[in-house]
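J.: My structure is below; once you've seen it, I'll send some questions.
The values are calculated or read from the model by the stated rules, or taken from the named source; none is laboratory data. The structure displayed is predicted, hence computed values, not measured ones. Every residue, glycine as well, gets a Cβ built from its backbone with ideal geometry; the counts of neighbours run over all protein chains shown.
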Amino acid sequence: MFKFIQQYADKIENIEVYPIISMLIFFIFFIGLLYLVFKMDKKRVQLLSNIPLDASDEPNNQSI
Amino acid sequence: MQVEKFYYDNRIVKNFAFATILWGVVGMIVGLYAALQLVFPQLNVTQYGSFGRLRPLHTNAVIFAFVGNGIFMGVYYSLQRLLKARMYSDVLSKIHFWGWQLIIVAAAITLPLGLTNGAEYAELIWPIDLAITIIWVVFGWNMFATIIKRREKHLYVAIWFYIATLVTVAVLHIVRSVELPYSWVHSYSWYAGVQDALVQWWYGHNAVAFFLTTPYLGLMYYFMPKAANRPVYSYRLSIIHFWTLIFLYIWAGPHHLLYTALPNWAQSLGIVFSIMLIFPSWGGMINGLLTLRGAWDRVRDDVVLKFMVVAVTAYGMATFEGPMLSLKNVSAIAHYTDWIVAHVHVGALGWNGMLTFGILYWLIPRIFNVPLYSKKLAANHFWLGTLGIIFYAVPLYWAGFTQSSMWKNFTESGQLKYAFLETVTYLKPFYAMRSLGGALYLTGALLMVYNIYKTVKAGKLVADEAAEAAPLQKVEPAHTGEHWHRKIERKPVQMMVLALVVILIGGAIEIIPTFLVKSNVPTISSVKPYTPLELQGRDIYVREGCYTCHSQMIRPFRSETERYGEYSKAGEFVYDHPFQWGSKRTGPDLAREGAGNLKKSDGWHFRHFREPTSISEGSIMPAYDFMLTQELDTSSTPAKINAMRTLGVPYDEGFELLANGHLLEQANGIVNNLKTDSIRISPTKEVIALIAYVQRMGTDITRQKN
């Protein structure tokens, strides 16, 4: 992959850092996200995932 | 705490539901007709009904009218319930509804009239672009105001998907629609050539991502748990799904431009991020399917769940195929062929279509307070739909792979084995089978129309559905060490800003360097602006939607350079507003149509436009005989030259006044050429301009060689 990019390296200064920067941004973002998500409190997770199933918003409980 | 009584607005949900049904059927009928035109070209009746104008009508109808109204139906239903609040303003809801329908009607009128920007999925002309912006703001305003007055503290994951959709579609639409109007209905794209291509596919791919995918994922996260009556499999996974999906999607656009004149570094970025996309996409699919854990037995009897299972499975298939297609070696085979058409239809028919149907069958009986008229009809719809997808996709996969192999086939002596036309006539049976698939799918949809009509007639709309909930406490006790996401979940504005930042990173890193760095588009000194006649011809090319079937981008493969001439360079397109690289070769590439071995006489083109089959037997190109009688509108020439100059095309000051003189001179030259072929025609007919443009294509490079 870097071979393709290097063809342009002499035309755009330091172009090879672009994909590296992008990967780093994503990687850090992703690791941070994983860490924070798995730190979430189990009870909260349960509460949140049950929001759509709150029976009060279905007064006419039809099943088809 | 005092419980408040309030009412959900079901009327707006009903309106959008009926609109999605109506436009869905219209979009499918136009699609089926366009598919049949590829089998029976005589179905191209009049200029208003030719394939090049109907295909944009089909894609716009399905994306913005069918899926668009489907999104709004689902959002207006689920948002109110997830927030325990009626929509903020009934007036805004109504403006949103009627505004969107007016936009659709305007599109349905302007596209057959040939009023187009010439960019796929962004064809609508600038006044409609403006209207879309206004209506989108109305939608956003209504949504955010509802979120702010909500009674539920937390924002469920579906709402994040809606917020990301709102903000990203706004950014995409604005950046793609930067154009310079030169009349009340015409404009030129602000960008040219390679830049226009990058913006286009950054937009185009993310229209798939943020119009066809993220809002529907929001709907999946609401309606699937509802229909299965159990919470989503993993809420944690849904958070990861959301953030990684919106982060990665925005980078993936350049995979539409592999092996083109787009700088390689941008292509590579597109590939890497497209491959990574498989993970969040499959995370989402697995999350959807596993929501049915322990309820799989119900899928046998519950038609709503059946539709949803097929929808989520189709999502999984399409999002596996997408990353595979972004590999350069796979793209080399699949690009420009019907494989891509099959791929997008697995998404549109499978994911969007089936999920919409599932939601409709679940929702209509509820808001009309009546059981569904016929479960059996719905089950038949399910089977017709599923079979329709298979009958649609399989022949086109086969056709795409076969045609690509034929294009790349050489004889032992090193000649191309097949003429382009041979590969087209070979595909006709596949096109016929595909039409059958489309017809099955449409039949299923018509069954649904009947079924829902009967259901609605038997019931009565619960326009205002009573509900009650405690109001949100205004002052939140701030406790330290609160989880970060807990904070964001409660703060929709911060959520929106964060989503905006995430999507802007990808867009900015891709687009800005291409614009700033001159060396991204090496200039070629022999590339000159179009003559006034060629410019007029090019605008006819755009008007007729020639780009829906012809590419103007020769990839650096021997099989292409042998067939079409030297591969395309970025510098050749610097005056192309808009770019016309195309994405599909139903007909051959035209980038060098006026140069080298491909050059034909003016008389050849004249006869070919009048009746393609008289020159190329078995051709499926529509006849453009109306251009032989239709007068070229030369009054627009000065405005066009001025607009182009503003965009940076180096026409001399004052040239706009001389332009029509040049135009007539060049036209007379073509008329004289045609005379030698015993064709007599006035120089101001449209066909003359189109011939001038076609004869110009690819000649810049040849000039350089000489």
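J.: Would you say B:PHE247 is within 30 Å of B:TRP581 (Cβ to Cβ), touching a residue at least 40 places away in the same chain (Cβ under 8 Å) and out of contact with any strand residue (DSSP E or B) (no Cβ under 7 Å at 6 or more places or on another chain)?
T.: For B:PHE247, the condition - within 30 Å of B:TRP581 (Cβ to Cβ), touching a residue at least 40 places away in the same chain (Cβ under 8 Å) and out of contact with any strand residue (DSSP E or B) (no Cβ under 7 Å at 6 or more places or on another chain) - is met.
J.: Follow-up question, since we're still on this one. Give me the helices (runs of 4 or more DSSP H) completely within the stretch B:22-118, filtered to those with at least 3 residues that are aromatic (Phe, Trp, Tyr) and within 30 Å of A:PRO52 (Cα to Cα), ordered by residue number.
T.: Once the helices (runs of 4 or more DSSP H) in the stretch B:22-118 are filtered for at least 3 residues that are aromatic (Phe, Trp, Tyr) and within 30 Å of A:PRO52 (Cα to Cα), what remains is B:68-83, B:90-110.
J.: Of everything in the stretch B:426-452, what is free of Cβ contacts under 8 Å to residues at least 40 places away in the same chain and either in contact with a Leu (Cβ under 6 Å, 6 or more places away or on another chain) or among the aromatic types (Phe, Trp, Tyr) (or both)? Give them in sequence order.
T.: B:TYR426
J.: Can you find a residue in the stretch B:48-71 that is within 30 Å of B:LEU155 (Cα to Cα), within 14 Å of another protein chain (Cβ to nearest Cβ) and touching a helix residue (DSSP H, G or I) at 6+ places or on another chain (Cβ under 7 Å)?
T.: Scanning the stretch B:48-71, I find no residue that is within 30 Å of B:LEU155 (Cα to Cα), within 14 Å of another protein chain (Cβ to nearest Cβ) and touching a helix residue (DSSP H, G or I) at 6+ places or on another chain (Cβ under 7 Å), so the answer is no.
J.: Now a separate question. Would you confirm, using the coordinates I've provided, whether B:LEU124 is in contact with a helix residue (DSSP H, G or I) (Cβ under 7 Å, 6 or more places away or on another chain) and outside any helix (DSSP H, G or I)?
T.: yes
J.: Step by step: first the residues of the stretch B:1-27, then only those that are polar (S, T, N, Q) and out of contact with any strand residue (DSSP E or B) (no Cβ under 6 Å at 6 or more places or on another chain), then the one that is nearest to B:LYS149 (Cα to Cα). Which residue is that?
T.: The residue in question is B:GLN2.
J.: Of B:LEU447, B:LEU396, B:LEU440, which residue is under 30 Å from B:ASP589 (Cβ atoms) and either touching a Cys at 6+ places or on another chain (Cβ under 8 Å) or modelled with pLDDT of 95 or more (or both)?
T.: Result of the check over B:LEU447, B:LEU396, B:LEU440: B:LEU396.
J.: Pull up the stretch B:268-285, narrow it to residues that are touching a residue at least 40 places away in the same chain (Cβ under 8 Å) and more than 30 Å from A:SER49 (Cα to Cα), then point me to the one that is farthest from the other protein chains (Cβ to nearest Cβ).
T.: Applying the filter and picking the extreme gives B:GLY270.
J.: Exactly one of these conditions fails for B:ASN597: (1) in a loop (DSSP other than H, G, I, E, B); (2) over 24 Å from B:ALA192 (Cβ atoms). Give me its number.
T.: (1)
J.: Name the one entry in B:SER614, B:SER568 that is at pLDDT 90 or above, among the polar types (S, T, N, Q) and not in a helix (DSSP H, G or I).
T.: B:SER568
J.: Might you check whether a residue that is surrounded by 19 or more Cβ atoms within 10 Å (Cβ to Cβ) and among the β-branched types (Val, Ile, Thr) occurs anywhere in the stretch B:81-97?
T.: No - not one qualifying residue is present in the stretch B:81-97.
J.: Anything in the stretch B:30-42 that is surrounded by 17 or more Cβ atoms within 10 Å (Cβ to Cβ) and either over 23 Å from the mean Cα position of the chain (by Cα) or not small (Gly, Ala, Ser) (or both)? List them, or say none.
T.: B:VAL30, B:LEU32, B:TYR33, B:LEU36, B:GLN37, B:LEU38, B:VAL39, B:PRO41
J.: A further question follows. Is there a residue in the stretch B:286-306 that is among the polar types (S, T, N, Q), more than 12 Å from chain A (Cβ to nearest Cβ) and more than 30 Å from B:ILE524 (Cα to Cα)?
T.: Looking for residues that are among the polar types (S, T, N, Q), more than 12 Å from chain A (Cβ to nearest Cβ) and more than 30 Å from B:ILE524 (Cα to Cα), one finds none in the stretch B:286-306, hence no.
J.: Also: Going by what's in this entry, would B:TYR564 be described as of a type in the set (Phe, Trp, Tyr) and farther than 21 Å from B:HIS335 by Cβ?
T.: no
J.: If you check B:LYS417, B:LYS408, B:LYS375, which single one turns out to be farther than 27 Å from B:PHE320 by Cβ, among the basic types (Lys, Arg) and away from every other protein chain (no Cβ under 14 Å)?
T.: B:LYS417 is the lone residue from the list that is farther than 27 Å from B:PHE320 by Cβ, among the basic types (Lys, Arg) and away from every other protein chain (no Cβ under 14 Å).
J.: Exactly one condition in (1) part of a helix (DSSP H, G or I); (2) more than 17 Å from B:ALA342 (Cα to Cα); (3) of a type in the set (Gly, Ala, Ser) is false for B:GLY414; which is it?
T.: (1)
J.: Further question: Just to be sure, is B:TRP190 in contact with a strand residue (DSSP E or B) (Cβ under 9 Å, 6 or more places away or on another chain), of a type in the set (Phe, Trp, Tyr), closer than 29 Å to B:TRP141 by Cα and away from chain A (no Cβ under 12 Å)?
T.: yes
J.: So, B:VAL137, is that one without any contact (Cβ under 8 Å) to a residue 40 or more places away in the chain, away from chain A (no Cβ under 14 Å), touching a helix residue (DSSP H, G or I) at 6+ places or on another chain (Cβ under 9 Å) and within 30 Å of B:THR523 (Cβ to Cβ) or not?
T.: no
J.: Across the stretch B:27-67, which residue is farthest from B:ALA122 (Cα to Cα) among those that are in contact (Cβ under 8 Å) with a residue 60 or more places away in the chain and β-branched (Val, Ile, Thr)?
T.: Ranking the qualifying residues of the stretch B:27-67, first place goes to B:VAL39.
J.: If you take the residues in the stretch B:232-250 that are more than 7 Å from chain A (Cβ to nearest Cβ) and in a loop (DSSP other than H, G, I, E, B), which one is surrounded by the most Cβ atoms within 10 Å (Cβ to Cβ)?
T.: Filtering the stretch B:232-250 for residues that are more than 7 Å from chain A (Cβ to nearest Cβ) and in a loop (DSSP other than H, G, I, E, B), the one surrounded by the most Cβ atoms within 10 Å (Cβ to Cβ) comes out as B:ILE250.
J.: I'm trying to understand the selection: among the residues of the stretch B:1-21, which are hydroxyl-bearing (Ser, Thr, Tyr) and either assigned to a helix (DSSP H, G or I) or crowded, with 23+ Cβ neighbours inside 10 Å (or both)?
T.: Those that are hydroxyl-bearing (Ser, Thr, Tyr) and either assigned to a helix (DSSP H, G or I) or crowded, with 23+ Cβ neighbours inside 10 Å (or both): B:TYR8, B:THR20.
J.: Related question: Could you list, in sequence order, the residues of the stretch B:295-309 that are of a type outside the set (Val, Ile, Thr) and under 13 Å from B:PHE357 (Cβ atoms)?
T.: Scanning the stretch B:295-309 gives B:LEU305, B:LYS306, B:PHE307, B:MET308.
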